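This report concerns only the one structure given below.
The values are calculated or read from the model by the stated rules, or taken from the named source; none is laboratory data. In this text, all values refer to a predicted model and were calculated from it rather than measured experimentally. Neighbour counts are summed over all protein chains in view; Cβ atoms, including those assigned to glycine, are modelled from backbone coordinates with ideal geometry.
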Amino acid sequence: MSPLHCAFSKEKSKECNKLKLGNYDADGIIYKRDKYWNVSATILSQASVLLLSSKLDAQTPHKYAKHLLGSLDGGNKELITVDYSVHGAFFWTQLDEENPMSEVCGMKILGSYVKSKGDLASLDKSCLDEMPGFNMTLQIDHQNAYFGTDDAYDGIINSSSGSS
């Protein structure tokens, strides 16, 4: 049982009661189940769905994007997966890893989707081939600021870097 669920819903189940989180003077935040609860969304014949997910997204794991794609009722849908991006792959898929202001692949794909009026067959995904590979190299200023060294991997602290 999720402690947050117990705290916000004020549920009085045996599991939630053990946590002692719902004892406050306010209404619980809970919605009654309606006809849309636990029902897959249906993609209308004139519509399409585009999802973009990253395998390195720790906030919204990629498995949930795959689950969402599978649960959508209809065939006009596509999940585009990037290997090395963080949460918000539409915004954090720079084509030049050295320049955070460079073109963003996710936005190029979104622009193509809008320009093609949602036609997934016409979607330009060519920027995916231009995405930089996985790189664990840290910028020198970050190494100094966070680790007090010019080389975060050699273990020698630079006491003149100003970091303590």
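If you scan the stretch 15-44, which residues turn out to be in contact (Cβ under 8 Å) with a residue 24 or more places away in the chain and assigned to a loop (DSSP other than H, G, I, E, B)? It would help to see each step written out before you state the result.
From the stretch 15-44, those in contact (Cβ under 8 Å) with a residue 24 or more places away in the chain are 40-44; that's our starting set.
Answer for the stretch 15-44, where residues must be in contact (Cβ under 8 Å) with a residue 24 or more places away in the chain and assigned to a loop (DSSP other than H, G, I, E, B): 40, 41, 43, 44.
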Checklist line | Residue ID - nearest to residue 46 (Cα to Cα), chosen from residues in the stretch 110-130 that are charged (D, E, K, R) and not in a loop (DSSP other than H, G, I, E, B) | finding: 115
Notebook entry, point to check: Of (1) part of a loop (DSSP other than H, G, I, E, B); (2) in contact with a Phe, Trp or Tyr (Cβ under 9 Å, 6 or more places away or on another chain); (3) at pLDDT 90 or above, residue 138 satisfies all except one. Which?
Noted result: (3)
Checklist line | Residues of the stretch 30-49 satisfying the condition of being surrounded by 11 or more Cβ atoms within 10 Å (Cβ to Cβ) and over 30 Å from residue 6 (Cβ atoms) | finding: 43, 47, 48, 49
Note to self: Looking for something in a helix (DSSP H, G or I) and exposed (fewer than 12 other Cβ atoms within 10 Å of the Cβ) - is there at least one such residue anywhere in the stretch 50-65?
What the structure shows: yes
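What's the total number of residues in the stretch 141-155 that are in a loop (DSSP other than H, G, I, E, B) and surrounded by 10 or more Cβ atoms within 10 Å (Cβ to Cβ)? Break it down into steps so the answer makes sense when it comes.
In the first step, residues of the stretch 141-155 are kept if they are in a loop (DSSP other than H, G, I, E, B); the result is 148-155.
Among the residues that remain, those that are also surrounded by 10 or more Cβ atoms within 10 Å (Cβ to Cβ) are: 148-153.
Residues that pass the stated criteria total 6.
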Notebook entry, point to check: Any residue in the stretch 80-95 that is touching a strand residue (DSSP E or B) at 6+ places or on another chain (Cβ under 8 Å), loosely packed, with under 14 Cβ neighbours inside 10 Å and outside any loop (DSSP other than H, G, I, E, B)?
Noted result: no
Checklist line | Among (1) in contact (Cβ under 8 Å) with a residue 24 or more places away in the chain; (2) under 22 Å from residue 112 (Cα atoms); (3) out of contact with any strand residue (DSSP E or B) (no Cβ under 6 Å at 6 or more places or on another chain); (4) not charged (D, E, K, R) - the single one residue 71 does not satisfy | finding: (2)
